[in-house]
C-alpha cells in the first residue's frame, strides 16, 4: 500500500500519510505516516503535538532525536521513540544514507496541527541570513 500513497514534501522531509482523516486509510481517531529524510537533513522546525503522543520506529538509516534543551539521543534502524504530548522534538539524519521512519499518533493529526518552536528551543542558535 505504501507505494500507492502520495509523498508530500514538508520542509526537510517527505511524508506519506497512511492513516489520517485524509490518508489512504481514513480514521478520525489516530494517524500514521512514513517519514523519509535525505542525508544531512533535519525535521525543522522543532515541534510538539498538543493533543497526541507520537511513537516513532526507525525503519532504516540513523541519526538523532533532538529534544528541548538540546538533548541528543542517537537513533538507528530498529530504534523506538515515544514523544509525549507537548514534548518538543525534531528528528535529525546526520548520516550519509536516507532515513525512513514510521510515526504513529494517538490522535488524528497532520502538520497543520503541530506546535512550532524556534531552533533555540532545542539548543540550536539560528544564524542570521547573510545579506
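The values are calculated or read from the model by the stated rules, or taken from the named source; none is laboratory data. It should be emphasised that the depicted structure is a prediction, and the values quoted were computed from it without experimental measurement. Note: ideal-geometry Cβ built from the backbone for every residue, glycine included; neighbour counts use all protein chains shown.
Residue 69 passes every criterion in (1) modelled with pLDDT of 95 or more; (2) more than 15 Å from residue 38 (Cα to Cα) apart from (1).
In this structure, does residue 15 turn out to be in contact with a strand residue (DSSP E or B) (Cβ under 9 Å, 6 or more places away or on another chain) and either over 17 Å from residue 102 (Cα atoms) or touching a residue at least 60 places away in the same chain (Cβ under 8 Å) (or both)? So residue 15 fits the description; yes.
Looking across the stretch 18-42, just one residue is loosely packed, with under 13 Cβ neighbours inside 10 Å and without any contact (Cβ under 8 Å) to a residue 40 or more places away in the chain, and that is 26.
Those residues that are closer than 17 Å to residue 108 by Cβ and part of a strand (DSSP E or B), I need them from the stretch 11-33; list them, please. First the steps, then the outcome.
Filtering the stretch 11-33 for residues closer than 17 Å to residue 108 by Cβ gives 15-33.
Within the stretch 11-33, 15, 16, 17, 18, 19, 20, 25, 26, 31, 32, 33 qualify.
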